[in-house]
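Here, each number is a calculation from the coordinates, and none is a lab measurement. The structure displayed is predicted, hence computed values, not measured ones. Neighbour counts run over all protein chains shown; Cβ positions are idealised from the backbone, glycine included.
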Amino acid sequence: MRAVTDGRLDLTPAVTRHLDLCLDCRSCETACPSGVQYGRLIEPFRVAMHSPAPGEPVKKDWFRTWILYGLFPYAKRLRWALWPARLMQVTGIDRVVEAIGLNRLLPLRLQRMQRLLPKLQARPEEIPEFLPAIGPRRAKVALFTGCVADAMFPQVNWATARVLQKNGCDVITPRSQKCCGAIHYHSGAGMPALELALANETAFQDVDAIIVNVAGCASMLKDYGHLAEEVCPDRPDLIERMNRLAAKFQDVNEFLVKLGPVAPKHPVSQVVTYHDACHLCHAQQIRSQPRELLGMIPGLNVVPLAESEICCGAAGSYNLTEPEMADRLGNRKARNILATKASAVVSANAGCTLQIQAMLKDAGHGEIPVLHPMEFLDRSYGD
């Protein structure tokens, strides 16, 4: 990147390809002794890299236009799009389609999407806009529900809301909230990401903290100030506003440990292993908090996972755009999980959950569930 910026290296297709292969897992930030924030360097560089030169036409990509930008950032659209898949799973048509190979007629990236689909649960009712604290009120928080996570794992948002209630939090869930913008920003579309950030600024008002249960989203949301600085460097007022908003976002594990969690009472007798999501452990430097919360649950045995901090290959939409590399990483993660003999995997990121579930299924162990820490806490808080 420095060589290109300094004019010592032309931005050839080979250089662009090399940079596109970066997972943006940010493990280099953990490794770097100087604390270089690589994520804040690669993102604006990708924006510039994928922007057409003056006079050049914009390159069209159907997958980016219709799927990454037109579907994924909109939870309601995604829910409707998943209805046929849910119907196929209920009737067993999906297994027939896979058995006779009809899914191989789809474009490669749509095949990947079909392969990553989890077992879709019946959608629960919408989380009310206000849920009162249970017991003494300790905080007023908002819940960021996300887009892909909300469409595919609504039970995680409900578990998070109930855990927050049990810990004395009034929970506000604004209907007007939008996608965090990570899908756009990570693929070089800075302005649309900023527009989503401005919509979220309007949606989240008058709360002590905005709680996020998806590591990738939280990493993006906490970087809103930097996003504004990159897209609108001549707007110090906007940068200051986005920095104030970014300071409100907290990962749910981080928030609960700071608050001082109420001890769960009900035993959950199970052997599990915990996977460190890249955007939790590297981008946010959150490692001990999820383990501390899981360690409070009576009967839960958390066994260590080898190479826990190595990327599973999900990396946002990387497992759709770079299948070969993603599968190599995913298979490596699955082998390490199976070696633990755990009956479940704990993951604090929806993308990781999708990837690990798919890899375990491919390895013949689809019965091993991948669950969020809040699902275990919710179970242990249950009456």
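Modelled spin labels at V96 and R138, positioned 7 Å past Cα toward Cβ, are 5.2 nm from each other.
Short to long, the 20 Å bins of the Cα pair-distance histogram for the chain hold 27, 60, 13, 0 percent of all pairs.
Amide H to amide H distances under 5 Å link L371 with V345, V346, S347, where only residues 5 or more positions off or on other chains count and H is placed in the peptide plane.
Rounded to the nearest 500, the helix-only mean residue ellipticity at 222 nm of the chain stands at -14000 deg cm²/dmol, with each DSSP H run of n ≥ 4 adding -39,500 (n - 2.57).
A crude spin-label estimate for the pair K258 and Q205, with each label 7 Å from Cα along the Cβ direction, gives 2.3 nm. Legend: residue pairs K178/K265; K222/K333; K265/K361; K76/K265; K119/K258; K76/K166, Cα-Cα distance threshold 31 Å; pairs beyond threshold, K178/K265; K265/K361; K76/K265; K119/K258. Qualifying GluC sites (Glu not before Pro) in region 273-322, where qualification requires a DSSP coil assignment and no more than 16 other C-beta atoms within 10 Å, comprise E307, E309.
Between E240 and R104, what is the FRET efficiency for a Förster distance of 56 Å, r being their Cβ-Cβ separation, to the nearest 0.05? Once the sixth-power term is evaluated, E becomes 0.60.
Multiplying the residue separation of D362 and Q111 by 0.36 nm and removing their Cα-Cα distance gives an extension gain of 89.0 nm. Can you tell me what percent of all Cα-Cα pairs in region 2-50 are more than 17 Å apart? When every Cα pair of region 2-50 is considered, 38 percent fall beyond 17 Å. Applying the Kirkwood pairwise sum to the alpha-carbon positions of region 219-341 produces a hydrodynamic radius of 17.0 angstrom.
By the gyration tensor of its Cα atoms, with a ≥ b ≥ c the square roots of the eigenvalues, what is the shape of region 62-116: rounded for a/c under 1.5, prolate for a/b over b/c, or oblate? Oblate.
Each peptide among 209-218, 226-235 gets the average number of other Cβ atoms lying within 10 Å of its residues, and from highest to lowest they stand as 209-218, 226-235. A crude spin-label estimate for the pair C22 and R291, with each label 7 Å from Cα along the Cβ direction, gives 2.8 nm.
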